[in-house]
1. If we only count helices (runs of 4 or more DSSP H) wholly inside the range 1-94, which ones have 1 or more residues that are of a type in the set (Ser, Thr, Tyr), at negative phi and touching a Phe, Trp or Tyr at 6+ places or on another chain (Cβ under 8 Å)?
2. With the requirement that a residue be of a type in the set (D, E, K, R) and either crowded, with 24+ Cβ neighbours inside 10 Å or not in a loop (DSSP other than H, G, I, E, B) (or both), what does the range 132-176 give you?
3. Can you name every residue in the range 274-313 that is free of Cβ contacts under 8 Å to residues at least 40 places away in the same chain and basic (Lys, Arg)?
4. When only residues in the range 344-388 that are under 18 Å from Pro424 (Cβ atoms) and not in a helix (DSSP H, G or I) count, which is modelled with the lowest pLDDT?
5. For Ile33, work out the one condition from (1) at pLDDT below 85; (2) surrounded by 22 or more Cβ atoms within 10 Å (Cβ to Cβ) it doesn't fulfil.
6. If I ask for residues that are more than 18 Å from Asn186 (Cβ to Cβ), touching a residue at least 24 places away in the same chain (Cβ under 8 Å) and either small (Gly, Ala, Ser) or assigned to a helix (DSSP H, G or I) (or both), which ones from the range 399-415 would you list?
7. Whether any residue in the range 192-201 is at pLDDT 85 or above, of a type outside the set (Phe, Trp, Tyr) and touching a His at 6+ places or on another chain (Cβ under 9 Å) is what I want to check.
8. Of all residues in the range 177-218, which are farther than 21 Å from Pro366 by Cα, among the charged types (D, E, K, R) and loosely packed, with under 13 Cβ neighbours inside 10 Å?
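The values are calculated or read from the model by the stated rules, or taken from the named source; none is laboratory data. Every value quoted in this text rests on a predicted model; they were computed, and no experiment measured them. Counting neighbours? That spans all protein chains shown, and the Cβs are built from the backbone with ideal geometry, glycine included.
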Amino acid sequence: MADYGALSLVPPLLTIAIALYSKNVLFALSCGIFSGSLIIVDFNPFAAVLNSVENQVLKEISSGTQVQVILTIFVIGGFVKLLEVSGGASAFARKMSSIVTSGAKAQLLAWLTGIGIFFTDSGNSLIVGPLYRTLFDEFKICREKLAYILDTTSSPISILIPFIGWGAYIMSLIERSYQEIGRDENAFSVLINVIPYQFYAFLALAAVPILVLSGREFGPMRATQMKYRASLKENEAMQEQLANPDADDNDRIGVFLYPLAVMLLLIGGLITWHATHGGISGIHIRSTLVIAYIAASFTCMEMMRRYQSVSYAESLAVFIKGAESLVYISIVLVLAWSLSSVTKDVHTADYLASIISGSVSPTFFPMIVFALGALISLSTGSSYGTFAILMAIAVPLGFELNASMYLTIAAVLSGGLFGDHVSPISDTTVLASAGAECSHLAHVTTQGAYAAVTGFVALLAFGAAGIYESGLVLPLAIVVLVILLNVLLRTNRKE
């Protein structure tokens, strides 16, 4: 295996730097992929081009799993477009705005809905986002705030559920690591014992209601929200449109609710069927979403034909247009996956993991593992990859240091989750931007400040747990998070 040393950090760091400077995600990802290929082929530009296209981009496109994800995205995009054109989505938002009487309630409802869609991290944003985009517009809440809520209720809730794909994957890693150290303990039992120490997941989920109930923002999110409201004030026509609902809302809302009911019933039924017939895997989740959304799309088409005299041919054209609208997001995903492939080829994660060496105090070992997991996941955009690499390293090393195994595993999971949450090249981050229909870089920037505060408190929590391993650390960490967020929010009291 070639040792690229510090050069392995160039692709992810260059990508992030160019993205922040140029505001062009596609260009930044392309530069990161090409730089990694240059390193792999000993800086031969021609060979680097071939490697970038053949061994990275085309290889990712040809992957069965990636194709399934893109197909799922297209189907969901087509369904969402049907709801928009039918007027059902807008009618639903206006109806909800008469029931949900404040922006805070709208945000909390989006948060609760995101928690309820726990069975898929990638599909979460694409399911919840379209339901609340127009509602957030009604209450003059910027789309970046919706993207933050979507992103914060995708992976953090999925990682806490042991009986879905995340849990099965993590248990397989635990079982393999425990075999290496000769420890005999049921992987499911280990995962259950680890849950109270998954500090970042719990803190990220808790941060949303804390921020919403405060009624204030801070950092880039505050600036974005103020800019958004200022733009609404300048656009009186938009305000008039938002203030005057259509007369036939009661008719149109059925075009929204019936397809949505079909979609949710099929998702619930198919997930239950898979859970009772061999367990839930990634392909089961993706096939469930495709079947449910296609059925919901046909339901919407039929209702549009019956009540709005829209032919099936016209509805199909709308569906295709909706799928086309997500081509850009799909390209971003393919390039993000390709960059992740490049970082794997240049052994970025292995280089970062090599930082853990020598004599380390078992007290501070969980903190170090958390920080390293965050760096690996931020650089590679993959929490799954981080779990696989770091679990194989941290568990045996923690065993040798006599560190707590539960805390060590929790630190691996929390660190990988935190890095994935703030990484601009993570698929869940990209999909949250798509679900909210906001600028991807704007989402990364506005979310970064909130996630950084949560990550800092999680780091302190692992330090405290390393000294005193107790279930009391989590509630104390939540108290610290409340205090810290309120201090930051009070500095931005004036809107």
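1. 64-86
2. Of everything in the range 132-176, those that are of a type in the set (D, E, K, R) and either crowded, with 24+ Cβ neighbours inside 10 Å or not in a loop (DSSP other than H, G, I, E, B) (or both) turn out to be Arg133, Asp137, Glu138, Arg143, Glu144, Lys145, Asp151, Glu175, Arg176.
3. Arg305, Arg306
4. Ser382
5. All conditions are met except number (1).
6. Ala403, Leu407, Ala411, Val412, Ser414, Gly415
7. no
8. Asp184, the sole residue that qualifies.
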